[in-house]
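Asks: Here it is, the structure in full.
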Amino acid sequence: MKKKIAIVGYGGMGSWHVNHALKSDVLELAGIYDIDEEKVIKARSNGIYAYSSLDELINDKSVELVTIAIPNDVHLDTVVRCLEGGKNVICEKPVALSSDDLEKMIEASKKSNKLFTVHQNRRWDVDYLAMQHLANTKEIGKPLRIESRIHGSRGIPSDWRGEKEHGGGMILDWGIHLIDQLLLIYKDETIDTINCTVTNITNKEVDDGFYLTITFKSGAVAFVEVGTYNFIAMPRFYMKAENGSALIKDWREKTQVAKCLHWHESEVIPVQTAAGLTKTMAPRDSVTLKEYELEIPKSDVHDFYRNFVNAIDGKEAQIVTHDQMRLDMKVMECAFKSAELNQTIKFEY
Ligand SMILES: NC(=O)c1ccc[n+]([C@@H]2O[C@H](COP(=O)([O-])OP(=O)(O)OC[C@H]3O[C@@H](n4cnc5c(N)ncnc54)[C@H](O)[C@@H]3O)[C@@H](O)[C@H]2O)c1
């Protein structure tokens, strides 16, 4: 039998949840709650029941699960109230603004014996899944460096995302997705240091972009860059591994892989550049390098909801765990500290 879900916040992401929770085929929509009267009118005009208060939603015993899609600074209070009210809770990312707030949420989940997770939907992005596949299969050896980039040119949206008090800025907005992805790809590594610098080109109050380097104890590196003032975008992913390289130019494009077959070459034809010849930088031939494309991995983002519903029924473990949420949060905090102090920070966790 389908479970009933209610959604708090009927803005951009709340509307997405209304559509996509139902597409998962395991849920029925009980209604939404939003503090903005216009959103209430919009919901009703779409035939959706709108609760008049959060208490009314919490007191609706038919609702087993609540998704919270409201600005980042108000996650804590709503998550805790819903958990204490006996609901299983999915919170939008970034789940909290600090590790302390996250611990309060986890504590409320434990006390109420209800499940609590965060909507890390970008774990279903096919570009990320292709990189994860390469890392897991070691098709081109262990990754030595992975660069994950998102470049746009429109600045931060002109809403609460540009304001510090509401948890705005790109580290919290896009950073959390890309950090979460890379920490899963490097799941067997231990973080050594973190270095982060931020940009404030279009917004002085919060970061409108950043460069983050996570160095692991093994020497492997995860690099994350988000830019909102990039009129030509750099490739989405680049991997340098023990036995080759991989590149994904854009979100849904296939991965280009170059696998080194033999290190030594019998003959290297130099490349003519404007200033002279180079053998060092000359391309390899097909005897020593195999170039191919990876098929785009299969992915269905609705598996997020299917998993959570199965987790409520005790049939499987929730995909996004509390420990993963904790690590993501600690890395973001360390990135903020590094940017503020203009220093590389030893990571402690
Ligand atoms: N996972 C993703 O891909 C993704 C994408 C976009 C946004 N988000 C996250 O979703 C959350 C919401 O972002 P958005 O883009 O939908 O913002 P939004 O501004 O479009 O919508 C937020 C809605 O919340 C309502 N609201 C504010 N405070 C409330 C409260 N206390 N109780 C009830 N309603 C309240 C507002 O009236 C508004 O309708 C944020 O945490 C954001 O980071 C996630």
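Asks: Step by step: first the residues of segment 19-49, then only those that are within 11 Å of the ligand (Cβ to nearest atom) and either within 19 Å of Gln120 (Cα to Cα) or part of a strand (DSSP E or B) (or both), then the one that is modelled with the lowest pLDDT. Which residue is that?
Replies: So the residue we want is His20.
Asks: Sort out which residues of segment 92-114 are within 14 Å of the ligand (Cβ to nearest atom), assigned to a loop (DSSP other than H, G, I, E, B) and farther than 19 Å from Ala335 by Cα, and write them in order of number.
Replies: Glu92
Asks: Look at segment 220-259 and say how many of its residues are more than 17 Å from His133 (Cα to Cα) and touching a strand residue (DSSP E or B) at 6+ places or on another chain (Cβ under 7 Å).
Replies: Residues that pass the stated criteria total 13.
Asks: Further question: What are the residues in segment 32-73 that are among the hydroxyl-bearing types (Ser, Thr, Tyr), surrounded by 12 or more Cβ atoms within 10 Å (Cβ to Cβ) and either outside the structural domain of Glu92 (by TED's automatic domain parsing) or out of contact with any helix residue (DSSP H, G or I) (no Cβ under 6 Å at 6 or more places or on another chain) (or both), if any?
Replies: The one that is among the hydroxyl-bearing types (Ser, Thr, Tyr), surrounded by 12 or more Cβ atoms within 10 Å (Cβ to Cβ) and either outside the structural domain of Glu92 (by TED's automatic domain parsing) or out of contact with any helix residue (DSSP H, G or I) (no Cβ under 6 Å at 6 or more places or on another chain) (or both): Tyr49.
Residues checked against (1) more than 12 Å from the chain's Cα centre (by Cα); (2) buried (at least 19 other Cβ atoms within 10 Å of the Cβ); (3) farther than 18 Å from Leu247 by Cα; (4) modelled with pLDDT of 95 or more:
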residue	(1), (2), (3), (4)
Pro143	yes, yes, no, yes
Gly155	yes, no, yes, yes
Glu165	yes, no, yes, yes
Gly175	no, yes, yes, yes
Asp192	yes, no, yes, yes
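Asks: Restricting to segment 59-80, name every residue that is away from the ligand (no atom under 12 Å from the Cβ) and either assigned to a strand (DSSP E or B) or touching a Cys at 6+ places or on another chain (Cβ under 8 Å) (or both).
Replies: Hits for segment 59-80 are Val63, Glu64, Leu65.
Asks: With the structure loaded, tell me whether Ala246 is aliphatic (A, V, I, L, M) and crowded, with 16+ Cβ neighbours inside 10 Å or whether it fails that test.
Replies: yes
Asks: Closer than 27 Å to Pro157 by Cα, more than 19 Å from the chain's Cα centre (by Cα) and among the hydroxyl-bearing types (Ser, Thr, Tyr), is that true of Tyr229?
Replies: It is true that Tyr229 is closer than 27 Å to Pro157 by Cα, more than 19 Å from the chain's Cα centre (by Cα) and among the hydroxyl-bearing types (Ser, Thr, Tyr).
Asks: Looking at segment 81-91, which of its residues are away from the ligand (no atom under 14 Å from the Cβ), assigned to a helix (DSSP H, G or I) and not charged (D, E, K, R)?
Replies: Once the filter is applied, which keeps residues that are away from the ligand (no atom under 14 Å from the Cβ), assigned to a helix (DSSP H, G or I) and not charged (D, E, K, R), segment 81-91 yields only Leu83.
Asks: In addition: Among the candidates Glu293, Glu340, single out the residue that is out of contact with any Pro (no Cβ under 7 Å at 6 or more places or on another chain), loosely packed, with under 14 Cβ neighbours inside 10 Å and assigned to a strand (DSSP E or B).
Replies: Glu293
Asks: Continuing with this model, one more query. Check whether at least one residue in segment 340-348 is in contact with a Lys or Arg (Cβ under 7 Å, 6 or more places away or on another chain), under 28 Å from Lys254 (Cβ atoms) and either in contact (Cβ under 8 Å) with a residue 40 or more places away in the chain or not assigned by TED's automatic domain parsing to the domain that holds Leu27 (or both), and report yes or no.
Replies: no
Asks: State which residue pairs qualify: first residue closer than 14 Å to Val26 by Cβ and inside segment 300-329, second residue basic (Lys, Arg) in any location, beta carbons under 6 Å apart, and separation of 6 or more residues or different chains.
Replies: His302/Lys23; Val309/Lys3
Asks: Can you run down the residue pairs with Cβ atoms below 8 Å, 6 or more apart or on separate chains, where the first is in segment 74-103 and outside the structural domain of Leu27 (by TED's automatic domain parsing) and the partner is surrounded by fewer than 23 Cβ atoms within 10 Å (Cβ to Cβ) and assigned to a loop (DSSP other than H, G, I, E, B)?
Replies: Final answer for the pair search is none.
Asks: Do we have any residue at all in segment 130-147 that's polar (S, T, N, Q), touching a residue at least 40 places away in the same chain (Cβ under 8 Å) and either in contact with a Ser or Thr (Cβ under 9 Å, 6 or more places away or on another chain) or within 15 Å of the ligand (Cβ to nearest atom) (or both)?
Replies: No, segment 130-147 has no match at all.
Asks: Determine, yes or no, whether Glu316 is modelled with pLDDT under 95 and farther than 27 Å from Met239 by Cβ.
Replies: no
Asks: Kindly provide the set of residues from segment 75-129 that are farther than 28 Å from Arg236 by Cα, of a type in the set (Lys, Arg) and surrounded by fewer than 18 Cβ atoms within 10 Å (Cβ to Cβ), ordered by number.
Replies: Across segment 75-129, the qualifying residues are Lys104, Lys110, Lys111.
The values are calculated or read from the model by the stated rules, or taken from the named source; none is laboratory data. Bear in mind that the values here come from a model prediction, so they are computed numbers and not experimental data. For neighbour counting, all protein chains shown are included, and Cβ atoms are generated from backbone atoms with ideal geometry for every residue, glycine included.
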